[in-house]
């Protein structure tokens with residue numbers, strides 16, 4: 001059976017490479033998606049990669065991953081710190097491996113970024129590695145599946 005993995009991205013991540021590159025880096029979301037797809041292909045995993053700027057859209061993407069019994073890597077952007085709806089959707093993903101992902105280190109930034117609702121449902125958190133965090137998260141999913 002092929003392992004399914006959903007990489008879900010929240011608001012403003014469509015602006016990667018343009019928006020605050022000193023914090024988020026110069027890679028675009030398309031660059032990250034291409035590398036993630038190549039990595040998943042090499043590992044024999046099926047990838048769904050998506051981005052939305054809306055909270056409800058992110059909830060819909062989480063529910064779609066739940067329906068497919070897919071592991072979730074989620075960079076919820078600002079919704080990480082504000083959305084109980086995203087937390088509730090992730091909490092409904094019983095038995096799925098969930099990785100919370102941040103390009104930057106939230107604890108080195110503004111105080112409001114120190115609280116994560118996503119972390120309450122996540123099995124692991126990867127932060128501060130920039131675009132390499134996506135590669136590390138895929139490796140974490142592959143390692144979990146291998147066990």
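The values are calculated or read from the model by the stated rules, or taken from the named source; none is laboratory data. Bear in mind that the values here come from a model prediction, so they are computed numbers and not experimental data. Neighbour counts are summed over all protein chains in view; Cβ atoms, including those assigned to glycine, are modelled from backbone coordinates with ideal geometry.
Is there a residue in segment 72-83 that is more than 15 Å from residue 9 (Cβ to Cβ) and at pLDDT 95 or above? No.
In the set (1) under 25 Å from residue 128 (Cα atoms); (2) at pLDDT below 95, the condition left unmet by residue 55 is number (2).
Looking at segment 24-54 only, could you name the residues that are under 12 Å from residue 3 (Cα atoms), touching a residue at least 60 places away in the same chain (Cβ under 8 Å) and surrounded by fewer than 19 Cβ atoms within 10 Å (Cβ to Cβ)? 43, the sole residue that qualifies.
Yes or no, residue by residue, for (1) surrounded by fewer than 16 Cβ atoms within 10 Å (Cβ to Cβ); (2) assigned to a helix (DSSP H, G or I); (3) touching a residue at least 12 places away in the same chain (Cβ under 8 Å):
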position: 94; (1), (2), (3): yes, no, no
position: 100; (1), (2), (3): no, no, yes
position: 104; (1), (2), (3): no, no, yes
position: 122; (1), (2), (3): no, no, yes
position: 126; (1), (2), (3): no, no, yes
position: 141; (1), (2), (3): no, yes, yes
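In segment 55-77, the residues that are at positive phi and buried (at least 19 other Cβ atoms within 10 Å of the Cβ) form Cβ pairs under 6 Å with partners that are assigned to a helix (DSSP H, G or I) and at pLDDT 95 or above, at six or more places apart or across chains, as follows: 77/13.
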